[in-house]
Amino acid sequence: MEKTSDDERDPDLVAVTEGTEAATELTRPSGLDRDRILQAAIGFIDEHGLAALTMRRLGAALGVEAMALYRYVPGREDLLDGVVDTVVESLFDDDDVHLEHAIGWQDHLMRLAHGVRRIALAHPAVFPLVASRPPAAPWVRPPLRSLRMVESFLRTLCDSGFSDQAAVAAYRAYSSFLLGHLLLEVTQIGAQVSLLDQPEGDAEAQRATDLTDYPALMRTEPLLSQDKSAAEFEDALENLLDRLERVLHEAKNSDDGSVLDL
């Protein structure tokens, strides 16, 4: 392979490899497998953002040539699918998220919602992938991308008295709530929802924006700038569960299990 000079090397690749070159001179990494690659990809996206991820840069971060990765991940698209699966599957390692509804369906959905939010906040740069990658099945809606998790959700509601129609309506409302709220929350802390998104403006300049012609904005700016994400999430989740309680009541009192639109 023809070597390139330092001036010709990709500057982003140089930045990633600087910290690994000394170590890889002494020892080559062992035990490379798909799980290690996916975990490294998640860490890379967390640190550098999705737009910076390439097979070459990920290989450099692992101390191997990019070609070494293709044995385990055929390409970038498979890599991104694996990243989404790995992040979503981490819900099953969350002790606060229960697949079985020991206390009740409200507790089950509350725990699941907080588990998904913990994932979003732990990996804000990865979470837009959870929202946008093609699902494993056309009837699965993000961010609940796991078939096991959707099965658990529907079984919990049906076991609690929801009709099939009411359980599906609840699933749609619940997933829409999570997706909308959490995408908004991760963008507020800097995540890019699209690869086309770029940070706009200068933070200092934004703080100095003249609001003279906007008295209501000027008056409420201290309130608008407060981070109320956690409280808003709790309030919206409780309101949703109250709506689903009404759906359950309607389903139990309907001869055919039909419910009003949420």
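In summary, Val83 fulfils each of the numbered conditions (1) modelled with pLDDT of 95 or more; (2) farther than 23 Å from Arg118 by Cβ with the single exception of condition (2). When Arg172, Arg141, Arg155, Arg148 are screened for being assigned to a loop (DSSP other than H, G, I, E, B) and among the charged types (D, E, K, R), only Arg141 passes.
Checked against the criterion of being in a helix (DSSP H, G or I) and among the hydroxyl-bearing types (Ser, Thr, Tyr), the stretch 68-75 contains not a single residue that satisfies it. Just to be sure before I move on: is Pro134 in the same structural domain as Leu184 (by TED's automatic domain parsing) and either over 23 Å from the mean Cα position of the chain (by Cα) or modelled with pLDDT under 95 (or both) in the structure I sent? Answer is yes for this residue.
All conditions in (1) at pLDDT 90 or above; (2) assigned to a loop (DSSP other than H, G, I, E, B) hold for Ala191, with the sole exception of (1). A search for C-beta distances below 6 Å between a residue of the stretch 32-48 that is closer than 17 Å to His123 by Cα and any residue that is of a type in the set (Ser, Thr, Tyr) and in a loop (DSSP other than H, G, I, E, B), counting only pairs 6+ apart in sequence or on different chains, returns Ile37/Tyr72. Residues in the stretch 206-231 that are part of a loop (DSSP other than H, G, I, E, B) and within 30 Å of Met110 (Cα to Cα) were compared, and the one that is modelled with the lowest pLDDT is Ser225. Considering only residues that are hydrophobic (A, V, I, L, M, F, W, C) and farther than 16 Å from Asp85 by Cα, look in the stretch 137-160 and name the one that is modelled with the lowest pLDDT. Here the residue is Trp139.
Looking only at the stretch 50-65, count how many residues are of a type outside the set (Asp, Glu), assigned to a loop (DSSP other than H, G, I, E, B) and on the phi < 0 side of the Ramachandran plot.
Matching residues across the stretch 50-65 total 3.
Where the second residue is outside any helix (DSSP H, G or I) and the first is assigned by TED's automatic domain parsing to the domain that holds Leu144 and lies in the stretch 167-178, which pairs have Cβ atoms under 6 Å and are six or more apart or on separate chains? Every condition considered, the pairs that remain are Ala169/Val259; Ala169/Leu262; Ala173/Leu262; Ser175/Arg141; Ser175/Leu144; Leu178/Pro143.
The values are calculated or read from the model by the stated rules, or taken from the named source; none is laboratory data. Everything numeric here is computed off the predicted structure, so don't read it as measured data. Cβ: placed from backbone, ideal geometry, glycine included. Neighbour counts: every protein chain shown.
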